[in-house]
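Take a look at the structure below.
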Amino acid sequence: MANLIREVSILKKELKRIGDAHTCSSAVIIRDGKILLGLRHYTPDKWRTISVWTTPGGRCETGETLEEGLRRETREETGIDDLKIERFIGKVEGAAENGDVLSTFVCSTAMEPKLMEPAKFSEWKWFPTNKIPANFINPRLLALLFAEELCAPEKGS
């Protein structure tokens, strides 16, 4: 019981934290043994020319809490507006290695994702948690998902 109370306290504290120019959040949405990922297409003005699978989320706007940013980014990218934020699992360095810090939350939803930003994403897809695509955006985030046993390497790999 003490661990649960501590987890809830950490979650509430992290969600209330005000972000800055280097604060990003990630919604790790898992349902029925599958994780929701979107195929994101970056351009050199945003990072570099690359297409990668990523979780919903993104950068906080000035004065925004992590919770507000996480909900806004998830809604803008996927149309999901019933996001249930269940647990904070940690922070990792952002994929671009530019000083961004990615706060990561386990979430759930009853909704199906919609393609809301076709200029940035080409699709949203549910992947089995042991079949994460090789071109997943951030190896540090993937290592955190493995450590938290939310995802697992594919057998034989």
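The values are calculated or read from the model by the stated rules, or taken from the named source; none is laboratory data. The structure presented is a predicted model; accordingly, all values stated were derived computationally and were not measured. Cβ placement follows ideal geometry from the backbone for every residue including glycine, while neighbour counts extend to all protein chains displayed.
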Exercise. Can you give me the number of residues within the range 1-32 that are at pLDDT 95 or above and out of contact with any helix residue (DSSP H, G or I) (no Cβ under 9 Å at 6 or more places or on another chain)?
Key: 3
Practice problem: Filter the range 1-33 down to residues that are at negative phi and touching a strand residue (DSSP E or B) at 6+ places or on another chain (Cβ under 8 Å), then give me how many there are. | Solution: 20
Quiz item: Which ones in the range 106-121 are of a type in the set (Gly, Ala, Ser) and loosely packed, with under 12 Cβ neighbours inside 10 Å?
Solution: Ala110, Ala119
Quiz item: Name the residues in the range 48-75 that are among the hydrophobic types (A, V, I, L, M, F, W, C), over 14 Å from Thr109 (Cα atoms) and crowded, with 16+ Cβ neighbours inside 10 Å, would you?
Solution: Val52, Trp53, Cys60, Leu66
Exercise. State all residues of the range 108-142 that are part of a helix (DSSP H, G or I) and without any contact (Cβ under 8 Å) to a residue 12 or more places away in the chain; if no residue qualifies, say none.
Key: Pro139, Leu142
Self-check item: Scan of the range 76-105 for residues that are of a type in the set (A, V, I, L, M, F, W, C) and surrounded by fewer than 19 Cβ atoms within 10 Å (Cβ to Cβ), ordered by number
Solution: Ala96, Val101
Self-check item: Total residues in the range 74-98, condition closer than 20 Å to Leu142 by Cβ and either among the aromatic types (Phe, Trp, Tyr) or part of a loop (DSSP other than H, G, I, E, B) (or both)
Solution: 6
Quiz item: Looking only at the range 9-47, which residues are small (Gly, Ala, Ser) and crowded, with 21+ Cβ neighbours inside 10 Å?
Solution: Gly19, Ser25, Ser26, Ala27, Gly38
Exercise. Inspect all residues belonging to the range 83-99 and state whether any of them is under 18 Å from Met116 (Cα atoms) and either at pLDDT 95 or above or touching a Phe, Trp or Tyr at 6+ places or on another chain (Cβ under 8 Å) (or both).
Key: yes
Quiz prompt | Top-ranked residue in the range 128-157 [being small (Gly, Ala, Ser) and loosely packed, with under 13 Cβ neighbours inside 10 Å; ranked as modelled with the lowest pLDDT] | solution = Ser157
